[in-house]
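Input: a single structure, listed below in structure tokens.
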Amino acid sequence: MTKADIARAVYERHGGLSSREAARLVDTFFQLLRERLIRGEKVQITGFGTFLVKTRRERRGRNPKTGDIIAIRSRKSIFFRSSPQVEAAAAVSSEAAV
């Protein structure tokens with residue numbers, strides 16, 4: 001599913017918005033989400049899940065080409081933890097597909 005698909009779904013389900021307004025609404029949502037994550041804030045969407053920014057510690061790794069041991073710097077990564085409702089719905093969906 002793409003951002004355009006989401007905007008189209010918002011347009012189809014909400015009778016009072018034009019397709020351009022729906023696209024703008026979706027863009028605004030993702031812009032706000034991005035801004036909060038850049039600031040390092042946790043974004044929790046009830047019934048959907050939580051976006052977190054975690055700092056990964058520095059660690060040693062190996063250069064696959066040369067085999068040399070190298071230091072991998074610490075960095076920030078974005079994680080998503082789905083809500084129990086989404087987990088349950090995905091489990092039911094996967095059971096029905098089998």
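Values as computed for the structure displayed
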quantity	calculated
Number of positions in the range 5-24 that are surrounded by 11 or more Cβ atoms within 10 Å (Cβ to Cβ) and among the small types (Gly, Ala, Ser)	5
Verdict on residue 53 being at pLDDT 95 or above, under 22 Å from the mean Cα position of the chain (by Cα) and surrounded by 10 or more Cβ atoms within 10 Å (Cβ to Cβ)	yes
Options 26, 10, 92, 86; residue that is touching a residue at least 24 places away in the same chain (Cβ under 8 Å) and among the β-branched types (Val, Ile, Thr)	86
Scan of the range 60-73 for residues that are touching a residue at least 12 places away in the same chain (Cβ under 8 Å) and surrounded by fewer than 10 Cβ atoms within 10 Å (Cβ to Cβ), ordered by number	60, 71, 73
So residue 23, is it assigned to a helix (DSSP H, G or I) and either aromatic (Phe, Trp, Tyr) or closer than 26 Å to residue 89 by Cβ (or both)	no
Some residue of the range 36-56 being in a helix (DSSP H, G or I) and under 24 Å from residue 88 (Cβ atoms)	no
Filter result for residue 46 (loosely packed, with under 13 Cβ neighbours inside 10 Å, within 15 Å of residue 79 (Cβ to Cβ) and free of Cβ contacts under 8 Å to residues at least 60 places away in the same chain)	no
Residue check, residue 78 surrounded by 11 or more Cβ atoms within 10 Å (Cβ to Cβ) and not charged (D, E, K, R)	yes
Residue in the range 64-80 that is modelled with pLDDT of 95 or more, touching a helix residue (DSSP H, G or I) at 6+ places or on another chain (Cβ under 7 Å), closer than 30 Å to residue 11 by Cα and not in a helix (DSSP H, G or I) present	yes
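The values are calculated or read from the model by the stated rules, or taken from the named source; none is laboratory data. Bear in mind the structure is a predicted one, so any value in this text is a computation, not a measurement. All Cβ positions, even for glycine, are placed from backbone atoms using ideal geometry, and neighbour counts span all protein chains on display.
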